[in-house]
Amino acid sequence: MTPRRDAPDLASLLETHRASLLRFVEREGSGLLKYEAADDLVQGVHVRAVAAADRFEYRSDREFLGWIQQVARQHIASRHEYWSALRRKAGKMLRLSFSGTGSAGSAGLEVAASATGASTVASRREQIAIAMRALAVLFPKDQEVVRWVVDDLPIAEMAERLGVSYEAAKKAKLRALERFRSTFELIVRRGGGRPQPRG
């Protein structure tokens with residue numbers, strides 16, 4: 001079957017079917033919505049689709065929808081993997097939320113995080129969920145830097161990945177951690193509610 005000569009371009013197809021893709025992402029990626037907005041997931045699918053454009057040939061809207069849903073499944077799986085990897089290192093990420101904050105509220109949370117018992121286990125789970133939400137609403141660059149800190153990446157390697165000097169990488173690390181801690185405390189003050197994503 002040869003493609004239609006009047007086939008729409010990929011950009012127009014993505015825009016035309018955005019609402020349908022949004023519904024698909026909300027359904028298939030519902031477990032991610034505690035960390036990422038559905039619109040952000042759709043944007044990620046669009047980026048993947050553009051990157052894979054050479055493997056797509058328009059034949060009909062039905063085939064396009066099948067293809068874009070497959071791309072969406074790949075993106076959703078990738079984001080699940082990303083957040084699952086962070087959850088496996090949640091203890092260290094939670095410690096980052098407390099370290100150096102100096103506020104009474106954080107001090108109380110830090111004590112709870114190190115305590116034992118059934119009630120504090122539930123509290124720790126809630127704190128981990130808050131830390132994950134705090135990370136989710138940071139700018140992508142800050143998310144990446146915080147993840148590198150969790151992974152114990154040396155400053156020199158951070159500098160190389162960021163394409164900046166060693167000193168600039170140190171400053172980027174401090175800024176990202178401060179934003180992460182501030183966002184964590186903001187969510188705590190709001191009673192665990194999810195703040196609006198930045199940007």
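Given (1) assigned to a helix (DSSP H, G or I); (2) modelled with pLDDT of 80 or more, where does residue 110 come up short, assuming only one miss?
Exception for residue 110: condition (2).
For the stretch 144-172, enumerate the residues that are part of a helix (DSSP H, G or I) and either within 18 Å of residue 82 (Cβ to Cβ) or touching an Asp or Glu at 6+ places or on another chain (Cβ under 6 Å) (or both).
Answer for the stretch 144-172, where residues must be part of a helix (DSSP H, G or I) and either within 18 Å of residue 82 (Cβ to Cβ) or touching an Asp or Glu at 6+ places or on another chain (Cβ under 6 Å) (or both): 144, 145, 146, 147, 148, 149, 150, 161.
Pairs under 7 Å by beta carbon, first residue among the polar types (S, T, N, Q) in the stretch 66-94, partner surrounded by fewer than 17 Cβ atoms within 10 Å (Cβ to Cβ), six or more apart or different chains?
Here the result reads 74/48, each pair linking the stretch 66-94 to a residue that is surrounded by fewer than 17 Cβ atoms within 10 Å (Cβ to Cβ).
With respect to residue 59, is the statement that it is assigned to a loop (DSSP other than H, G, I, E, B), touching a residue at least 24 places away in the same chain (Cβ under 8 Å) and not assigned by TED's automatic domain parsing to the domain that holds residue 150 true?
On the way: assigned to a loop (DSSP other than H, G, I, E, B): yes; touching a residue at least 24 places away in the same chain (Cβ under 8 Å): yes; not assigned by TED's automatic domain parsing to the domain that holds residue 150: yes.
In short, yes.
Out of the stretch 174-199, which residues are among the aliphatic types (A, V, I, L, M) and modelled with pLDDT under 90?
186, 187, 188, listed by residue number.
Somewhere in the stretch 90-101, is a residue within 30 Å of residue 128 (Cα to Cα), surrounded by fewer than 14 Cβ atoms within 10 Å (Cβ to Cβ) and at pLDDT 90 or above?
Among the residues of the stretch 90-101, not one is within 30 Å of residue 128 (Cα to Cα), surrounded by fewer than 14 Cβ atoms within 10 Å (Cβ to Cβ) and at pLDDT 90 or above, which makes the answer no.
Which residue, of 169, 136, 156, is of a type outside the set (Val, Ile, Thr), surrounded by 12 or more Cβ atoms within 10 Å (Cβ to Cβ) and modelled with pLDDT of 95 or more?
Going through 169, 136, 156 in turn, just one is of a type outside the set (Val, Ile, Thr), surrounded by 12 or more Cβ atoms within 10 Å (Cβ to Cβ) and modelled with pLDDT of 95 or more: 169.
In the stretch 50-68, what residues are in contact with a His (Cβ under 8 Å, 6 or more places away or on another chain) and of a type in the set (D, E, K, R)?
Step one: of the stretch 50-68, the residues in contact with a His (Cβ under 8 Å, 6 or more places away or on another chain) are 61, 64-65, 68.
The one that is in contact with a His (Cβ under 8 Å, 6 or more places away or on another chain) and of a type in the set (D, E, K, R): 61.
Among the residues of the stretch 11-48 satisfying the criterion of being without any contact (Cβ under 8 Å) to a residue 60 or more places away in the chain and not in a helix (DSSP H, G or I), which is farthest from residue 131 (Cα to Cα)?
Taking the stretch 11-48 first, the residues without any contact (Cβ under 8 Å) to a residue 60 or more places away in the chain are 11-33, 38-39, 41-48.
Then keep just the ones that are not in a helix (DSSP H, G or I); that gives 17, 29, 33.
Values: 17: 34, 29: 20, 33: 15 Å.
So the residue we want is 17.
The values are calculated or read from the model by the stated rules, or taken from the named source; none is laboratory data. All of these numbers come straight from a predicted model, not from anything done at the bench. No Cβ is skipped: glycine too gets one built from the backbone with ideal geometry, and neighbour counts run over all protein chains shown.
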